[in-house]
Amino acid sequence: MPAPINRLKAALGDGGVLRGVFLSLGSEAATEIAGRAGFDFCLVDGEHCAYDPTVISRQLTVLAATGMPSAVRVPTNEGWIIRQVLDLGAQSIMVPMVNSADEARAIVRASLYPPEGVRGHGGATMRAGGYGAFEAYGQTANHQISIMAQIETRRALDAIEEIAAVDGIDVLFFGPTDLSYDMGLADDPNGDALWEAVSDGIRRIVAAGKVAGVFSSPDREAAMIEAGARVVAVGSDAHSLTTAFRRLAARP
Ligand code: 3PY
Ligand code: MG
């Protein structure tokens with residue numbers, strides 16, 4: 001049996017817009033709720049929450065059970081972390097703070113089996129390979145890996161075309177919060193200066209032939225799609241709960 005089809009990667013090839021949500025709580029219950037909510041993908045965030053491989057593995061299992069395409073954001077661009085997350089069964093990964101083509105190439109190398117990369121094979125020990133049930137996992141896994149590189153600094157903005165040219169990078173995904181800090185615009189996260197930079201970057205990614213993505217509030221989503229974004233994260237489990245609890249707690 002080959003590696004499972006990466007449905008998020010397949011959907012990227014369909015040309016439509018994919019709307020998703022970040023899962024920050026490390027909660028299987030919240031993951032299950034999000035998995036049934038009607039998104040196109042759910043991303044388990046290992047950057048700004050506890051990076052706990054056991055919990056991530058359970059969240060991936062829950063998402064698979066709900067039929068929801070999944071991705072995992074790794075905490076940092078480190079080969080051993082990327083390989084661990086892939087062995088847990090993530091087939092789509094997001095990597096924060098990718099600032100150059102060299103950094104992008106390092107992600108691809110870490111993610112693929114030789115000869116394209118340096119990923120080591122865990123045999124029947126990995127959830128990724130169905131604990132041995134997917135006998136042809138090693139021969140087929142590379143085709144099912146999808147990589148989203150985050151654009152979050154001025155350096156990355158300057159390097160968009162060279163990052164987009166790296167084979168194996170499927171999506172260049174904007175992190176507007178970090179970009180706002182790097183641009184000295186953290187005090188004005190809703191201002192035109194930031195969002196015009198993001199829109200311009202999205203257009204350059206599309207012109208370079210890659211898929212553009214962005215974390216966007218729902219009220220800005222239409223403008224981002226208009227600019228050319230095709231992967232749009234519109235919120236998180238944590239923020240949704242905060243908003244809902246506040247609304248509930250407000251006295252009528
Ligand atoms: C950011 O906004 O910095 C993010 O990483 C969200 O994707
Ligand atoms: Mg970020």
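Would you pull out the residues with amide H under 5 Å of F173's amide H, same chain only if 5 or more places away, H placed 1.01 Å from N?
HN-HN under 5 Å from F173: A149, Q150, I151, G213.
HN-Hα J couplings of segment 120-132 from phi, Karplus 6.51/-1.76/1.60, θ = phi - 60°, integer Hz, Gly and Pro as x?
These are the phi-based 3J(HN,Hα) values: x, 8, x, x, 7, 8, 9, 4, 3, x, x, 6, x Hz.
Residue by residue, what Karplus-based ³J(HN,Hα) values in Hz, rounded to whole numbers, does segment 59-70 have, using 6.51, -1.76 and 1.60 with θ = phi - 60° and x for Gly and Pro?
Going residue by residue, I get 5, 5, 5, 5, 5, 4, 5, 8, x, 8, x, 10 Hz, with x marking Gly and Pro.
In debye to the nearest 20, how big a dipole does the chain give about its Cα centre with +1 on each Lys and Arg Cβ and -1 on each Asp and Glu Cβ? Please list the in-between numbers first.
Details: 21 positive and 30 negative charges, 144 e Å.
Result for the chain is approximately 700 debye, rounded to the nearest 20.
With point charges of +1 on the Cβ of Lys and Arg and -1 on the Cβ of Asp and Glu, referenced to the Cα centre of the chain, which listed residue (S27, A159, Q91) lies farthest in the positive direction of the dipole?
Value computed over the given set: S27.
Would you list F134, F173 from the most to the least accessible area, probe 1.4 Å?
Largest accessible area first, the residues go F134, F173.
Taking 4 °C and 1.567 mPa s as the conditions, I'd like the Stokes-Einstein D for segment 207-249 in µm²/s, using the Kirkwood hydrodynamic radius from alpha carbon pairs.
It diffuses with D of about 110 µm²/s by this estimate.
Could you give the semi-axes, largest first, of the ellipsoid that matches the chain, computed as the square roots of 5 times the alpha carbon gyration tensor eigenvalues and rounded to whole Å? Working shown, then result.
On the way: eigenvalues 159, 110, 47 Å².
Working through the eigenvalues yields semi-axes of 28, 23, 15 Å.
When the dipole is taken about the Cα centre of segment 1-120, and only Lys, Arg (+1) and Asp, Glu (-1) are charged at their Cβ, what size is it in debye, to the nearest 20?
Roughly 220 debye for segment 1-120.
If we restrict to alpha carbons, what Rg and Dmax does segment 29-133 come to, in Å?
Cα-based Rg and Dmax for segment 29-133 come out at 13.9, 40 Å.
Grab the DSSP H runs of the chain that are 4 residues or longer, score each as -39,500 (n - 2.57), total them, divide by all residues and round the 222 nm result to the nearest 500 deg cm²/dmol. Provide the component values of the computation, followed by the final result.
Working: 12 runs with 105 residues, N = 252.
Value at 222 nm, helices only: -11500 deg cm²/dmol.
The values are calculated or read from the model by the stated rules, or taken from the named source; none is laboratory data. These numbers come from a predicted model, not from an experiment. Glycine also receives a Cβ, built like all others from the backbone with ideal geometry; neighbour counts cover every protein chain displayed. For accessibility, only protein heavy atoms count, side chains too; no ligands or nucleic acids. Shrake-Rupley method; radii C 1.70, N 1.55, O 1.52, S 1.80 Å.
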